[in-house]
Amino acid sequence: MIVPLVAGFRFGPNGYKSIYINVHYDNPAHIAGLVDNSGVRVYYTPNLRQYDAGVLELGDVSVTQPRQIPIGTNTVEYEYNCPSECTRNFTDSLTIFADFLHMHMVGTQMWSTVWRGNQALGELNRVEYWDFNFQQNTLINNLVLRPGDRINTHCIYQQNPTAAVNFAIASSDEMCVEFIYYYPKQNGGVSCGYGYFPGNAQLAAQNYTSCLGLPLRQGTTFINNPTLTDPKGGEVRRFGAKNPLTFQCPIIVNPTQQGSTTPIIVGSGSALAASLLLAVSLALL
């Protein structure tokens, strides 16, 4: 993870007080004698940068809302929304410099779109063929999210023919979570998202989210708004084909463009930078 030279995760009296690495282990075959040698290298600078960076959680931000992927053999899609009612509380436009998409074992495809009013600006990120064993932060070349924009996060899952799959925290359960890394950091909470479940009053009534510390209304107020959903077609895989909605900017940033030749997390301003990206993400997964 390369943090832009103008931003960083503040560390000290007015910022993070500590950092930690949270590693999740899974050994379903109960193989004895396995040893982990992984680690993280942290870079820190005492020079305070212009902006504090932050992390915003999108998608199914509650993680454990009572829902399932039902028994069957087809695919199931869930769509979650960070609405304009939330983002209009931003005090500034947000510059997004990285993104992290997350599902579990039965996820097959995931993407997110950005809207400004009725105009589709494009896709923030997309994984055409999801593999739980290969997850990564994707560097983004300074995408600007304005107050009032909205982000829709989509997750597609393969149904199990013999058992339903719950949404919960275990690897055998499922999730639909997206993290965006941005600056300048906003005060308040770190989540913005709720599910769109047309025709399902039970799920609609359970729907709730916190937007930067500001509680949104519970119930069906937003769910009944048809403009919240993306038009069909995003589920069609177009691997190798040009997507007319994709932002016209490079996704992978050369580390030298960020002022570093080391492709690893870079610390920042009176500030940290390092495994906070890792820890904030992993601590929630």
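Each value in this text was obtained by applying a stated rule to the coordinates, not by laboratory testing. None of these values were measured; they are calculated from a predicted model. Neighbour counts are summed over all protein chains in view; Cβ atoms, including those assigned to glycine, are modelled from backbone coordinates with ideal geometry.
Put simply, the amide H of A98, placed in the peptide plane, has neighbours under 5 Å in I140, Y181, leaving out anything fewer than 5 places away on its chain. For R146 and N47, the difference between the fully extended length at 0.36 nm per residue and the C-alpha to C-alpha distance is 32.8 nm. Remark: spin-label model distance R238-R88 equals 3.1 nm, labels positioned 7 Å along the Cα→Cβ axis.
Explain nothing, just the number: dipole magnitude of the stretch 1-113 about its Cα centre with +1 on each Lys and Arg Cβ and -1 on each Asp and Glu Cβ, in debye rounded to the nearest 20. Could you put the intermediate results ahead of the total?
Numbers: 6 positive and 10 negative charges, 86 e Å.
The calculated dipole for the stretch 1-113 is roughly 420 debye.
Residue by residue, the stretch 35-46 carries 3J(HN,Hα) couplings of 10, 9, 10, 6, x, 9, 9, 10, 10, 10, 10, x Hz when phi is fed to the Karplus relation 6.51 cos²θ - 1.76 cosθ + 1.60 (θ = phi - 60°); x denotes Gly or Pro. Ordering 22-35, 171-184 by mean Cβ neighbour count within 10 Å, with the highest value first, yields 171-184, 22-35.
Once the piece of chain linking A164 and H24 is laid out straight, how much longer is it, given 0.36 nm per residue of separation minus the C-alpha distance between them? Kindly include the intermediate steps, with their values, before the conclusion.
Numbers: separation 140, 0.36 × 140 = 50.40 nm, distance 2.36 nm.
Value of the extension gain: 48.0 nm.
Extension gain, I31 to L5: 0.36 nm times the residue separation minus the Cα-Cα distance gives 5.0 nm.
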